[in-house]
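Let me begin by presenting the structure, written as structure tokens, before commenting on it.
Coordinate-derived values only; no laboratory data. Quantities reported herein were computed from a predicted structural model and do not represent experimental measurements. Ideal geometry is used to build each Cβ from the backbone, glycine not excepted, and the neighbour counts take in all protein chains shown.
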Amino acid sequence: MTIKTRFAPSPTGYLHVGGARTALFSWLYARRHGGQFVLRIEDTDLERSTEDSVNAILEGMAWLDLDHDEGPYFQTQRFDRYNEVIDELLERGHAYRCTCSKERIDKLREEQMANKQKPRYDGHCRGRDIDPAEPHVVRFLNPQQGEVVIDDLIRGRIVVDNSELDDLIIRRSDGSPTYNLSVVVDDHDMGITHVIRGDDHINNTPRQINMFAAMGWSIPAFGHVPMILGDDGARLSKRHGAVSVMQYKQDGYLPEALLNYLVRLGWSHGDQELFSREEMIALFDLDAVNRSPSAFNTDKLVWVNQQYIKQADLDRLAGLVAEFLDADGIVYADGAPLAAVIDAQRERAGTLVELAQLCHFYYRDFDAVDPAAAKKAFKDGADAALAAVRERLEAIDDWCREAIHAVVADTVEALGVGFGKVAMPLRVAVTGGAPSPDLDLTVHLVGKAATLRRIDAAIAAIQGRG
Ligand code: GLU
């Protein structure tokens, strides 16, 4: 049997991290088992579905590189097929027309609530002979006896008594099919073998299984993925900050880092934290997915991102950081090669936004040195040390690390002071106090003209002229 899974988002917003993780698990399951992955857009809610949202979902999936083998299918293009199935269910006595008024249903609900019963349709129109010309809805005739057993791939066995389930509407009075019916028809027609989705759909599953059975269709396996919580224990939502996948791109996360973080959120393989795409595919399975919700932890995501930044291809990283620098108005084309600067700074950055910021001082003079750094480094005599090293730096013809290193050592010796007395003020003068790598590399990358200019500014500041 070829395994076929799907991701079936409703286009009523962006792709959020919860959806992305469900998509990832579904995609991984297909890839792990050499199967196929289908993308289906569930846009039957015409009021809430938007094209922008469809595009946002496609964009998010593409950014994460969760590639599909089929689709995207759009449910709005399949109404005829859903109606065909509804008619067949009617013909075969598995569905019936219902003319109960809203008032009647509301009254029924009120009574049931007053009696502390679960509100449910009472089957009033079952077996009644209703003229199709009359305004009506169509209800699925749920079996009244027996139970539905779900051997959930994540949660284990779930048993639901049919007496718990009422006859749900499968076609509205305007003729449009409802969600539960469309999903069943699609999952059948598209040959889905494994339905992996969020556990907010767990109540729909027994009803859907009954519909598969009524049509005589084979029933797929189900796996319900627990939700993601915010760090406060509430369901992850906008107020926890970024939840749109594309916002993570803007915040400077690498897609492979977000995927790696998401796969670990609720799934584990020993205590391994970092997984390449290939490793994820080779190792993923649903039985190691947690049954309970997992809490989103931004610090951990930043840590994972940092690991990926450290090992990413330099040219790719340069391309990505360049976008952030452009947005910050930093001109890097005339300065040190961006890849070299990134290589010098990347181990200090948790995100590309931070990395871009750590690149600023290589290309643009800062307005003022960080006061805390200035206090530490610009002590008595620092101006003299800077003047002495400046003179020697200016004399360098071949601006290379070795020459810079030699000049600093020479100055230290000439002044008869400790290394730090020269190195500290020089570093702070050149970087403004930003985190930086080895001094000779830093000075080399900043360049001769900017180095001399910044030393002058520091001397002026120390002497109270800045
Ligand atoms: N369209 C549903 C949603 O976005 C998913 C339905 C399903 O996966 O069966 O919540």
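Restricting to the chain, what percent of DSSP beta bridges are antiparallel, rounded to 5? Within the chain, antiparallel bridges account for around 50 percent of the total. Listed by chain and number, the lysines whose alpha-carbon sits under 22 Å from that of LYS300, ignoring those within fewer than 8 places in the same chain, are LYS238, LYS249, LYS310. Counted residue by residue at 0.36 nm each, then reduced by the alpha carbon distance between them, the extension gain from ASN55 to ASP328 reaches 95.6 nm.
Using Cβ counts within 10 Å as a stand-in for footprinting exposure, how do CYS400, CYS359, CYS100, CYS125 rank, fewest first?
If I rank by nearby Cβ atoms, fewest first, I get CYS400, CYS100, CYS125, CYS359.
When region 15-146 is described by a simple charge dipole with +1 on each Lys and Arg Cβ and -1 on each Asp and Glu Cβ, the residue from LEU15, PHE37, ASN115 located farthest towards its positive end is ASN115.
The label point for ALA288 and the one for LYS310, both projected 7 Å from the Cα toward the Cβ, are 2.2 nm apart. With θ taken as phi - 60° and the Karplus curve 6.51 cos²θ - 1.76 cosθ + 1.60 applied, the whole-hertz 3J(HN,Hα) list for region 318-327 is 4, x, 6, 5, 4, 4, 5, 5, 4, 5 Hz, x standing for glycine and proline.
Rounded to the nearest whole Hz, the Karplus-based 3J(HN,Hα) values (6.51 cos²θ - 1.76 cosθ + 1.60, θ = phi - 60°) of region 220-231 follow the sequence x, 7, 10, x, 9, 7, x, 7, 9, 9, x, 5, with x at glycine and proline. Here the spin labels are modelled as points 7 Å beyond Cα on the Cα-Cβ line, and at TRP63 and THR12 they lie 2.2 nm apart.
Beyond 33 Å, how much of the Cα-Cα pair distribution for the chain remains, as a whole percent? Tail fraction, whole percent: 54. For the chain, the longest principal axis of the Cα atoms and the long axis of helix 448-462 meet at an angle of about 80 degrees. Label positions at GLU47 and ARG235, each projected 7 Å from the Cα along the C-beta direction, are separated by 1.9 nm. This model, with +1 at the C-beta of Lys and Arg and -1 at the C-beta of Asp and Glu, gives region 341-466 a dipole about its Cα centre of some 400 debye.
Assuming a ≥ b ≥ c are the square roots of the Cα gyration tensor eigenvalues, decide whether region 390-466 counts as rounded (a/c under 1.5), prolate (otherwise, with a/b larger than b/c) or oblate. Since a/c stays below 1.5, the shape of region 390-466 is classed as rounded. If I fit a long axis through the Cα atoms of helix 51-64 and take the longest principal axis of the Cα atoms of the chain, what angle between them do I get, 0 to 90°, rounded to 10? Helix 51-64 sits at roughly 60 degrees to that axis.
Sorting check: for 12-25, 307-320, which peptide has the highest mean count of neighbouring beta carbons within 10 Å, and how do the rest follow?
12-25, 307-320
Checking Cβ-Cβ separations below 4.7 Å across the chain identifies CYS100, CYS359, CYS400 as cysteines lacking any candidate disulfide partner. What do you get for the angle between helix 255-264 and the principal long axis of the chain? Use alpha-carbon atoms, 0 to 90 degrees, nearest ten. Value to nearest ten degrees: 60. Along the axis of the charge dipole computed for the chain (Cβ charges of +1 for Lys and Arg, -1 for Asp and Glu, origin at the Cα centre), the listed residues VAL321, HIS136, ALA257 are led at the positive end by HIS136. When +1 charges are put on Lys and Arg Cβ atoms and -1 charges on Asp and Glu Cβ atoms, the dipole computed for region 410-466 relative to its Cα centre reaches about 280 debye. Placing +1 on each Lys and Arg Cβ and -1 on each Asp and Glu Cβ, with no other charges, gives the chain a dipole about its Cα centre of roughly 1060 debye.
In order along region 383-398, the Karplus-derived 3J(HN,Hα) couplings, from 6.51 cos²θ - 1.76 cosθ + 1.60 at θ = phi - 60°, round to 5, 5, 4, 5, 5, 5, 6, 4, 4, 6, 5, 4, 7, 6, 8, 9 Hz, and Gly and Pro are given as x. Of the GluC sites (Glu not before Pro) found in region 30-72, those that fall in a DSSP loop while having at most 12 other beta-carbon atoms within 10 Å are GLU47.
Pick out, in residue order, every one of the trypsin sites (Lys or Arg not before Pro) in region 330-397 that is DSSP loop and has at most 15 other C-beta atoms within 10 Å; say none if there are none. Filter output for region 330-397: LYS379. Dividing the C-alpha radius of gyration of region 183-293 by 2.2 N^0.38 Å, with N its residue count, gives 1.28.
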